[in-house]
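Peer 1: Quick one: structure below, then a few questions.
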Amino acid sequence: MALTGVLLSIVMGVVSYIPEGDWDRILLYGVGVGVFVFAVPMFFSSYLLYFVGKIKSPIFSLSRSLAFCLIFVAVWEFFFFAGAFIAAILKIPDLSLIATFFGAAFVFALCLVILITISTFGIPLSVLLSSILPLSGITFLAIIVGNLKTTYLSPWLVTFIVAAVILAIPNFVAFHIIEKPIKKRLGVSGYELIRGFFLEWILKDSQKIDSVTDKFGEKASLPALLVAFRSKKNHKLKGLIFSSFIHYGPFKEAGSSTLPRLLAQKIENKNDTILSVTHGACTHAQNLCSVRETQKAIKQIVGKLKEIEFSDSATPFHRVHENEAKILSAVMGKSIIMISTRSPEITDDINLKVGLSALERAKNEMQKSGLEGDSVFFIDSHNCILDAEVLVEPNTPAAENILNAVEESIKKMGSLKKATKIRYGVSRTRFPSVYRDYGLGEEGITANIIETWLDDEKLDVPKRFEDNHWMQRTALIVIDGNNMIIGLRDKIISRLLEEKLVDEVEVLTSDTHTVNAPSIHQPDYYPVGRTINHEDLIEEIVKSTRRAIADLEEVEIGTKVFNISNIKIWTDKKLNVFFKGVEETVNTLKIIILPFFICGVSLALLWLLISV
């Protein structure tokens, strides 16, 4: 990278002097300008940026600092080269100098806005660091053109500084515009919010964005579920399924994005078990405000493990349909578990209010039907998306279909008899962290096989006759990702049923947002299946399912439905206010930023025409 910068600088310097026709002058001045005006300032400014960054802003490693300064040198060289050739064509020598000064001022202004946005230097230090490259370059240029004398140094530096200030003014106007609407609505700095985003994106440092979002969060209590399977043979905790109405966002390592991974690590390392994390009824409004809040939630969840009571109580799964809404449900332990999907209808998140209404309707129907069970929980499979974000909002046909399906599911539950034996097997296929960029989190694919033995062959559920018993074998396939491309769920289910591995299936995603963030590979994120070959993924799921079937053994089931309390979340109100603030900022910038930019460029050029 360093050699590239030097060669580029020399080539641009030499080429810029070609119109003069004197090869002695071309080589002498061209190489001199390339080395001293561009290459030396590039190295000096990049190393200074690196050393200051080690103390103030670790975002700037040595390689990043060199790349950063190389880009700005290239921009400045473009102006220098273009000015030299236009001046030669029009035979107006001053145009070359005007383009050089303008390029230096433009580089300063652009570097300044980037440093203020993404670093923790602060404005004074950002101004200083942004000025090193153009100031040192102008200094060397004045000395070279003045034949090693300082005749031009002072006037040229004054010319550059005034032009740089003129071009920088629109930047500070933009910062003020960004700051005001969000600060007025949320009481936090819009600029700090944007800077926190960049720090998380580039450095995976969530402290800044967490510190900002933590200020506008509000305390809440959200429902959660633990389903535990304990071996009858050795009383070892064999597997767990967790779900909650916490949203695992906003992106990468920020907020509660890492909750699925951190919770799995905490529980699995301590209990030598496998945990599947699924998604409840929640949106970004239920993001936890910081990693600290995530740790608080994890502590409460882990503490609830000790309160789980185990039993032999379970029913086979049954599925009901209400238009596009489908609910797969069963009694597990002392709870009724309902798993929802609208596939193949595109669905992103289900609003918290819809989920709470589902729980309320289910409890009311349980009382009417005289069903046993202390609790009920609603899980969103989160398994069908394309491009558009389709939310299930309260008081919509989509929400009503889900709620009606919930009631119908509870009504049908009364006709199901308890299983005479419960067997469970589990298998996990993990993927390297590099797969995050392609939509797969580090917890990979988990196949949960729940087998309920039946004494009534007339039960109207999918079942099989095997080992002289009627039984139902259900697969809950949990993929650590953020939603699933439309059609993939149905392909997975068809394959597992065609191979007669199971009788009932649902495919769920965790909705982890560690896979969410712009990168070189992606503009935002990839749902499971958008970039990974479907047949390869399905083959891994089939293998994992076979391993889970081979792992089947008799178990007891325990469930715990509880509230994760005293946690700080974004809330619907604050999320809406935030988006309105962003919208107001963008709309204002659209109106004024171009006129301000044109005005700044015009004034800078006018100044250069007068002073050069």
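The values are calculated or read from the model by the stated rules, or taken from the named source; none is laboratory data. Quick caveat: nothing in here was measured; it's all calculated off a predicted structure. Virtual Cβ from ideal backbone geometry, glycine too; neighbours counted across all protein chains shown. Remember, those area values only see protein heavy atoms, side chains included, never the ligands or the DNA or RNA. Shrake-Rupley method; radii C 1.70, N 1.55, O 1.52, S 1.80 Å.
Peer 1: If each of Thr150 and Glu554 carries a label point 7 Å out from its Cα toward its Cβ, how far apart are those two points in nm?
Peer 2: Computed distance between label sites Thr150 and Glu554 equals 9.5 nm.
Peer 1: At a Förster distance of 45 Å, what's the computed FRET efficiency of Lys266 paired with Val75, Cβ-Cβ distance as r, to 0.05?
Peer 2: Working: r = 48 Å, r/R0 = 1.06.
Efficiency, from the Cβ-Cβ distance: 0.40.
Peer 1: Now for a different question. Among the DSSP beta bridges whose two residues both lie in the chain, what percent are antiparallel, rounded to the nearest 5?
Peer 2: 75 percent
Peer 1: Ignoring any ligand, DNA or RNA, what whole percent of the accessible area of the chain comes from carbon and sulfur when the probe is 1.4 angstrom?
Peer 2: On the way: 15310 of 25580 Å².
Solvent-exposed carbon and sulfur of the chain make up 60 percent of the total.
Peer 1: Take peptides 473-486, 599-612 and line them up by average Cβ neighbours within 10 Å, highest first, as a rough protection proxy. Please list the in-between numbers first.
Peer 2: Values: 473-486: 25.9, 599-612: 16.2.
The most tightly packed comes first, giving 473-486, 599-612.
Peer 1: Amide H of Ile350 versus every other amide H placed in the peptide plane: which residues, excluding those fewer than 5 positions away on the same chain, fall under 5 Å?
Peer 2: Cys282, Val392
Peer 1: Write down the percent of antiparallel bridges among all DSSP beta bridges whose residues are both part of the range 326-380, to the nearest 5. Present the calculation step by step, with values, prior to reporting the outcome.
Peer 2: Details: 7 of 13 bridges.
If I count the DSSP bridges inside the range 326-380, around 55 percent turn out antiparallel.
Peer 1: 7 Å from Cα along Cα→Cβ at both Val35 and Ser494: what's the point-to-point distance in nm?
Peer 2: Computed distance between label sites Val35 and Ser494 equals 6.9 nm.
Peer 1: How much length is gained if the chain between Thr531 and Asn587 is pulled fully straight, taking 0.36 nm per residue apart and subtracting their Cα-Cα distance, in nm to one decimal?
Peer 2: Working: separation 56, 0.36 × 56 = 20.16 nm, distance 3.39 nm.
Net length gain for the segment: 16.8 nm.
Peer 1: Give me the distance in nm between label points sitting 7 Å out from Cα along the Cα-to-Cβ direction at Thr429 and Ile123, one decimal.
Peer 2: So the two model labels end up 5.5 nm from each other.
Peer 1: Hey, with R₀ at 60 Å, roughly what FRET efficiency would Ile610 and Lys368 work out to, going by the Cβ-Cβ distance, to 0.05? Each step should come with its number before you reach the end.
Peer 2: Details: r = 86 Å, r/R0 = 1.43.
Here the calculated transfer efficiency is 0.10.
Peer 1: Pulled fully out, how much extra length does the chain show between Glu539 and Lys91, if you take 0.36 nm times their separation in residues and subtract their Cα-Cα distance?
Peer 2: Details: separation 448, 0.36 × 448 = 161.28 nm, distance 6.95 nm.
Length gained, Glu539 through Lys91: 154.3 nm.
Peer 1: Relative to the longest principal axis of the C-alpha atoms of the chain, give the angle of the C-alpha long axis of helix 291-304, reported between 0 and 90° and rounded to the nearest 10°.
Peer 2: It works out to around 10 degrees.
Peer 1: Would you mind checking the pairs Lys215/Lys306; Lys238/Lys560; Lys363/Lys543; Lys183/Lys252 and listing those with alpha carbons more than 28 angstrom apart? Let's see the in-between values first.
Peer 2: Values: Lys215/Lys306 33 Å; Lys238/Lys560 16 Å; Lys363/Lys543 38 Å; Lys183/Lys252 24 Å.
Listed pairs above 28 Å: Lys215/Lys306; Lys363/Lys543.
Peer 1: Let me ask another. Looking at the square roots a ≥ b ≥ c of the eigenvalues of the Cα gyration tensor of the chain, which shape do they give, rounded for a/c under 1.5, prolate if a/b is larger than b/c, or oblate? Don't skip to the answer; put the middle values down first.
Peer 2: Values: a/c = 3.14, a/b = 2.59, b/c = 1.21.
Because a/c hits 1.5 or more and a/b exceeds b/c, the chain counts as prolate.
Peer 1: Can you tell me the FRET efficiency between Lys411 and Arg547 if r is taken as the Cβ-Cβ distance and R0 is 30 Å, rounded to the nearest 0.05?
Peer 2: Working: r = 36 Å, r/R0 = 1.22.
According to the calculation, E is roughly 0.25.
Peer 1: Right, next: Just the accessible area per residue of the chain, please: how many Å² with a 1.4 Å probe?
Peer 2: On the way: 25580 Å² over 612 residues.
For the chain, the solvent-accessible area averages 42 Å² per residue.
Peer 1: So between Asp456 and Lys184, what do we pick up on full extension, going 0.36 nm a residue minus the alpha carbon distance?
Peer 2: 91.5 nm
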